[in-house]
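Accompanying notes for the structure given below.
Each value in this text was obtained by applying a stated rule to the coordinates, not by laboratory testing. Owing to the predicted nature of the structure, the values given are computational and were not obtained by experimental measurement. Please note: Cβ atoms are built from the backbone with ideal geometry, for glycine as well, and neighbour counts cover all protein chains shown.
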């Protein structure tokens, strides 16, 4: 098993023009080789985790990809290469909403490169029996 963790700052886009920095942990675990987890630390005691397909993030470095809940696209702000993540979902209040974050592209690219060094494309393995046991016994 191999795990990677990187702390980055993402800018939460709010009200069109305002951005707020959010400490974000990028997490990768070779036991779940297709996924990257983004842990957004919104307040001292409030965090939200999104799981995003590793290859979707990688493709989003060069072109707009995704539809539905997750969209990823390259983005340039004042000459700075960034990646914009748009996430949609249902909040605790039952309302459907959308939020956008952006982060420095080289930092995300470096993290993704390290995940592909840990588990190269095509070499991903998943213990299906363990996964099904976990899903079927949860509750």
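Ranked by how many other Cβ atoms sit within 10 Å of their own Cβ, fewest first, the residues 54, 98 fall in the order 98, 54.
Between residue 56 and residue 34, the contour length at 0.36 nm per residue exceeds the Cα-Cα span by 7.0 nm. Seen against the Cα atoms of the chain and their longest principal axis, helix 128-137 is set at about 80 degrees. Subtracting the Cα-Cα distance of residue 88 and residue 25 from their residue separation scaled by 0.36 nm leaves 20.8 nm.
Only DSSP H runs of four or more residues enter the estimate; each adds -39500 (n - 2.57), and after division by the residues of the chain the mean residue ellipticity at 222 nm equals -6500 deg cm²/dmol. Give the calculated FRET efficiency between residue 80 and residue 125 to the nearest 0.05, with a Förster radius of 41 Å applied to their Cβ-Cβ distance. For R0 = 41 Å, the calculated efficiency reads 0.65.
With no solvent and one point on each alpha carbon, what is the Debye value of log10 I(q)/I(0) for region 1-65 at q = 0.16, 0.17, 0.21, 0.25 Å⁻¹? These q points yield log10 I(q)/I(0) values of -0.63, -0.70, -0.98, -1.16. Please give the helix 105-118 orientation as an angle from the longest Cα principal axis of the chain, in degrees from 0 to 90, rounded to the nearest 10. That helix lies at roughly 10 degrees to the long axis. Label-to-label distance for residue 41 and residue 96 is 3.3 nm, based on points extended 7 Å past Cα in the beta-carbon direction.
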